[in-house]
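**Student:** First, the structure itself, so that you have it in front of you.
The values are calculated or read from the model by the stated rules, or taken from the named source; none is laboratory data. All values derive from a computational prediction rather than experimental measurement. FYI the Cβ positions are ideal-geometry reconstructions off the backbone, even for glycines, and counts take in every protein chain you see.
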């Protein structure tokens, strides 16, 4: 057990550089695409909005965050973590998104099916979505919901690609700042 005195004796940890300098937050955003092409932004925002119909907000937070993790979009990971926490999602469930195979007990079967589909659609290096993944998703979502879920996955992947390509800066976003 750590006491207040023990804590006072513990030396402060020094921050360690873990990111290549070329990709650190000190690098400026390459392109403000949302201002240069508001029509493109609006089209993506519309896809985002229509994908929500019939799907639980908590499920969508998990899907967006997991895809953003897989795509290494720091801005989107920051944004979707903060938005999920602001709407009552737990830190524990958000932390375990990257360890789904070891910690499935934190999620419902429906959430797991959606997250598996998210991973399969996001990481298409295998060239296809496995039949087992599709069948699990189809067992938990009717065809209309599945269509919306796919739209949500496609939308977040598009947002992620813009975020990564243009180096959108992570850290400054406040929950609820962006309303698509």
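Results for (1) buried (at least 17 other Cβ atoms within 10 Å of the Cβ); (2) farther than 19 Å from residue 167 by Cα; (3) at pLDDT 95 or above, shown as yes or no for each residue.
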{"position": "60", "(1), (2), (3)": "yes, yes, yes"}
{"position": "63", "(1), (2), (3)": "yes, yes, yes"}
{"position": "68", "(1), (2), (3)": "yes, no, yes"}
{"position": "80", "(1), (2), (3)": "yes, no, no"}
{"position": "92", "(1), (2), (3)": "no, yes, yes"}
{"position": "104", "(1), (2), (3)": "no, yes, yes"}
{"position": "108", "(1), (2), (3)": "no, yes, yes"}
{"position": "117", "(1), (2), (3)": "yes, yes, yes"}
{"position": "126", "(1), (2), (3)": "no, yes, no"}
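**Student:** Select from region 133-170 the residues that are at negative phi and not in a helix (DSSP H, G or I) and list them in ascending order.
**Tutor:** Passing the criteria: 141, 142, 166, 168, 169, 170.
**Student:** In region 149-172, what residues are surrounded by fewer than 18 Cβ atoms within 10 Å (Cβ to Cβ) and either within 17 Å of residue 67 (Cα to Cα) or out of contact with any helix residue (DSSP H, G or I) (no Cβ under 7 Å at 6 or more places or on another chain) (or both)?
**Tutor:** If the condition is that a residue be surrounded by fewer than 18 Cβ atoms within 10 Å (Cβ to Cβ) and either within 17 Å of residue 67 (Cα to Cα) or out of contact with any helix residue (DSSP H, G or I) (no Cβ under 7 Å at 6 or more places or on another chain) (or both), then 150, 154, 158, 161, 164, 165, 170, 172 are the ones that fit.
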